[in-house]
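Comments concern the structure below.
The values are calculated or read from the model by the stated rules, or taken from the named source; none is laboratory data. Fair warning: this is a prediction, and the values are worked out from it, not measured in the lab. We place every Cβ from the backbone using ideal geometry, glycine too, and count neighbours over all the protein chains shown. Surface areas here come from the heavy atoms of the whole protein model, side chains and all, with no ligands, DNA or RNA. Shrake-Rupley method; radii C 1.70, N 1.55, O 1.52, S 1.80 Å.
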Amino acid sequence: MFEKLKHKAGVVRTDYRHSNPSALSRVLYAASRIYSGAVMLRNRGFDKGILSVRRLPCPVVSIGNITAGGTGKTPMALYLARLMFQMGYRPAVISRGYRGKAEKAGAVVTDGYHLFADCATAGDEPFMMASVLKRVPVLVGRDRFQSGMRAVAAFDSDVIILDDAFQHRRLHRDLDLVLLDAAHPLGNGHVLPRGSLREPASGLKRADAVILTRSQSREARESLPQMISGHAPVFRADHVPFLSGIYGQADCLEEKGISGHGDPGDLSFLGAARVFAFSGIARNQEFLNMLSGYVGSLRGFAQYPDHYCYSGRDLGKIEQKAIAASADCLMTTEKDYVRIAGRLPTSLPLVVMGVEMRFLNNDESGFIALLRRKLLETKLETRS
């Protein structure tokens, strides 16, 4: 009963055409008005200085969104960490560590060289970032100020990247980056639980820059909201898939001549593959849409809720369905892989897909110029 109601609520939240005037939608709308009022009251408290804000002794760049999940915050955090390291900074990534055992107490996931926490302790997204980032510390903890001070003291970090922190206003930030899905920037326009907005759209006025992700499609290019133009620069980017790795029975694919070699961005080998895919992320449909452009034959797709904790039974069922569908391999995301590493299905190879953030046209140069200017301004303010 509960799962059925949860599913119906999810349908209402993603109804972009407002074609669902059901009793449930009216109940959710009433709840969203209450939630929206509470969020606006909280924001006003910060705006008026009634609620206190703490400041770290170094520049802070926040990556966030105004809708719930799926805009590409993790790929953007990885992009920023690598970019800042190349610019000569000593960045550290700070995440809440959602659903991880260390969320409350805080923990160092990696010092940039060694892993000190597993996926269950750190949470899937911070652990994934810690697994792929080199020479960049990753820390988790609900108290982002405490984690930031730890990064400064232990690693001499001179810039902090806050992952998923647009609504975490208790910590001062010097650059607020807000990511919006270009196709549906504001979801269906309603605040949670009637829609996917975490706060009213007026909150975008706090953004120092807006990044429209998944901007490659025609629909996306025509969807720039009027309200965000004029007060903050807008940059366009896309999610670009790449081969993260092939695990398990990789020889099975090589024998059939469909194994990837060389450039991880060359996914042409998937055109000959019969794939059974699965994922438990915020936008499972986006992963499925991505696969349709590369996979020769999709034999099935199993989807689960975001941050889903796969049991041995779940993995067994996925494997059985794939074998029954005559699939050559299984396929999933990097975020899902960290939750099942060490418990892989044994009969089929597992192809793991990653996603990187890539700016379109000349937007990257403009974004880097903005980043350099903000960091320099903050450095000069700190010295004065």
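Of Gly70, Phe85, Val39, whose Cα points farthest to the positive end of the dipole of the stretch 26-86 (charges on the beta-carbon: +1 Lys, Arg; -1 Asp, Glu; origin at the Cα centre)?
Checked the options; the winner is Val39.
If you fit an axis through the alpha-carbon atoms of helix 312-324 and take the longest principal axis of the Cα set of the chain, what angle between them do you get, 0 to 90°, nearest 10?
The angle comes out near 50 degrees.
Lys and Arg at +1, Asp and Glu at -1: add these up for the other residues within a Cβ distance under 11 Å of Thr74 and post the number.
That works out to -4.
Around Ala325, with a cut-off of 15 angstrom between Cβ atoms, what is the net charge of the other residues, counting Lys and Arg +1 and Asp and Glu -1?
That sum, taken over residues with Cβ under 15 Å, equals +2.
So how tilted is helix 363-383 from the main axis of the chain? Cα-based, degrees 0 to 90, rounded to 10.
40
Could you give the angle, 0 to 90 degrees to the nearest 10, between helix 2-13's Cα long axis and the longest principal axis of the Cα atoms of the chain?
Tilt relative to the chain: about 60 degrees.
Taking Cα atoms of the stretch 253-384, Rg/Rh with Kirkwood Rh, to two decimals?
1.15
Could you run the Karplus curve 6.51 cos²θ - 1.76 cosθ + 1.60 with θ = phi - 60° over the stretch 59-70 and give me ³J(HN,Hα) per residue in whole Hz, x for Gly and Pro?
Those phi angles translate into x, 10, 10, 9, 10, x, 8, 10, 10, 7, x, x Hz.
So, with a 1.4 angstrom probe, what is the percent of accessible area on the chain that is carbon and sulfur?
Solvent-exposed carbon and sulfur of the chain make up 52 percent of the total.
What does the charge add up to near Pro126, with Lys and Arg as +1, Asp and Glu as -1, over the other residues with Cβ less than 9 Å from its Cβ?
For residues surrounding Pro126, the net value is -2.
If you project the alpha carbons of the stretch 46-139 onto the principal axes, what extent comes out on each, in Å, largest first?
So the extents along the principal axes, rounded to whole Å, are 43, 33, 27.
Report the Cα centroid-to-centroid distance between the stretch 164-212 and the stretch 29-43 in angstrom, as an integer.
15
So how do 146-152, 331-337 stack up, highest first, on mean other-Cβ count within 10 Å?
The densest-packed peptide leads the list: 331-337, 146-152.
Normalised by the empirical 2.2 N^0.38 Å for globular proteins, what value does the Cα Rg of the stretch 93-224 take?
So the Cα radius of gyration is 1.18 times the expected 2.2 N^0.38 Å.
Within 10 Å, count the other beta carbons around each residue, average over each peptide in 366-372, 58-64, 206-212, and list them highest first.
By packing density, highest mean first, the sequence is 58-64, 206-212, 366-372.
Suppose only helical runs count, i.e. DSSP H with n ≥ 4. What mean residue ellipticity at 222 nm does that imply for the chain under -39500 (n - 2.57) per run, divided by all residues and rounded to the nearest 500 deg cm²/dmol?
Calculated mean residue ellipticity at 222 nm is -11000 deg cm²/dmol.
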